[in-house]
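Bear in mind that the values in this text are calculations on the coordinates, not laboratory data. Quick caveat: nothing in here was measured; it's all calculated off a predicted structure. Virtual Cβ from ideal backbone geometry, glycine too; neighbours counted across all protein chains shown.
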């Protein structure tokens, strides 16, 4: 099937962490009235490198559907062709265009919405921002259906807590949203959570089970076909493989079924 390419015009570029060289980019597809995608999906960007070779790079969309607009969040990587192209102002200035195709991907919220633990590290928070903007749209209908939603976000330093103000605003407006940023290299004066995301995911599961008087090791009826399985809580995990594997192992230790754990690797 032939891919359909779109010209995405950059409308805003912001460095959101000087230390990590992380950038937030906003695009508009002028030739389209609406860009239809599911929160959590990705677009693929295409460009020629200095040698004339076509390069393609996939980026999770860091926003919910909003007309013909979409956002990206990415790190500038030393020597990386695409990250430098997007991050460096001379290469892609505001008003410049980027060729993209998509959307693609299956890292999307499962329906009906259940209690959900969103777990991310680094720029793995990009699709989580899309999930939360869709669940809790400003000025729109709350799509969370009153379910408990947690965002457990791990990073090394406070300067790398991306979209912090936005997530804290969600938590202030919605009692069923819980924002848990944790630092693995926290300084002494840091008063928030310390350590790794999998430890706080375990706390959430244990506390939830105690509150609902549920067993931590539920039995799944082997007679139910996998396509018909339904759960009252799911986890969505995005980041590097080591983190994802650690979280999956911890969830499986609580008896979670593999279909409850939806993940997207960045490496």
Full-extension gain in nm, residue 186 to residue 265, via 0.36 nm per residue minus C-alpha separation: 25.9 nm
How compact and how long is the chain, expressed as Rg and Dmax of its alpha-carbon atoms in Å? 19.2, 62
Once every DSSP H run of n ≥ 4 in the chain is given -39500 (n - 2.57) and the sum is divided by its residues, what mean residue ellipticity at 222 nm do you get, rounded to the nearest 500 deg cm²/dmol? -6500 deg cm²/dmol
Region 89-209: equivalent-ellipsoid semi-axes (sqrt of 5 x gyration tensor eigenvalues, Cα, Å): 26, 22, 14
Could I get the Rg over Rh figure for region 6-104? Both from C-alpha atoms, Rh via Kirkwood, rounded to two places. 0.94
Please compute the modelled spin-label separation between residue 173 and residue 97, points set 7 Å along Cα→Cβ, answer in nm with one decimal. 3.4
Which value in nm describes the separation of the simple spin-label points at residue 51 and residue 143, placed 7 Å from the Cα toward the beta carbon? 4.2
Normalise the Debye intensity by I(0) for region 1-61, one equal point scatterer per Cα, no solvent, then take log10 at q = 0.15, 0.20, 0.28 Å⁻¹ and round to two decimals. -0.63, -1.07, -1.32
Which residues does the label zone of residue 156 cover in region 177-201, counting backbone N under 14 Å from a point 7 Å along Cα→Cβ? 183-187
List 253, 36 from most exposed to least, where exposure is judged by having the fewest other Cβ atoms within 10 Å. 36, 253
Points 7 angstrom from Cα along the Cβ direction at residue 209 and residue 12: gap in nanometres? 4.3
So what is the relative contact order for the chain, in percent, with contacts set as C-alpha pairs under 8 Å and at least six apart? 17
Restricted to the chain, the DSSP antiparallel beta bridge percent, nearest 5, is 55
